[in-house]
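S.K.: Quick one: the structure is below, and I'll ask about it shortly.
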């Protein structure tokens with residue numbers, strides 16, 4: 001019996017719309033960044049909210065997702081909350097911003113600003 005290595009799923013996937021938005025905001029920044037950093041922080045009535053910031057350098061133990069010409073770094077403290085998440089960008093009459101479809105979420109607050117796992 002031979003054991004073949006299995007490929008691990010990406011920590012996060014990125015839609016075309018999200019990749020295009022990341023490219024656009026990275027191009028507008030005056031100083032170059034290595035990518036965008038995604039994380040979570042305690043906030044809101046459900047407990048956690050997503051954070052998005054420029055990453056000027058890679059931190060130790062960060063997951064790196066390179067896809068569709070963009071680099072996303074996942075804060076090591078957030079990795080377990082974000083595994084399997086799809087990052088999208090929505091621009092419609094109700095909202096404009098990054099949207100995270102996270103299979104680990106167990107619920108969201110009424111306003112949609114925070115979640116819990």
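Derivation of every value follows stated rules applied to the coordinates shown; laboratory data play no part. Everything numeric in this text was worked out from a predicted model, so none of it was measured. Every residue, glycine as well, gets a Cβ built from its backbone with ideal geometry; the counts of neighbours run over all protein chains shown.
S.K.: Can you pull the Kirkwood radius for the range 12-116, inverse mean 1/r over Cα pairs, to one decimal in Å?
M.R.: 14.2
S.K.: Hull surface divided by four, with the convex hull built on the Cα atoms of the range 46-92: how many nm²?
M.R.: So the mean shadow area of the Cα hull is 4.7 nm².
S.K.: Using the beta-carbon distance between residue 60 and residue 10 and R0 = 22 Å, what value does 1/(1 + (r/R0)^6) give for FRET efficiency, to the nearest 0.05?
M.R.: E(calc), rounded to 0.05, equals 0.65.
S.K.: Let me ask something else. Please compute the modelled spin-label separation between residue 80 and residue 51, points set 7 Å along Cα→Cβ, answer in nm with one decimal.
M.R.: Roughly 1.8 nm, to one decimal.
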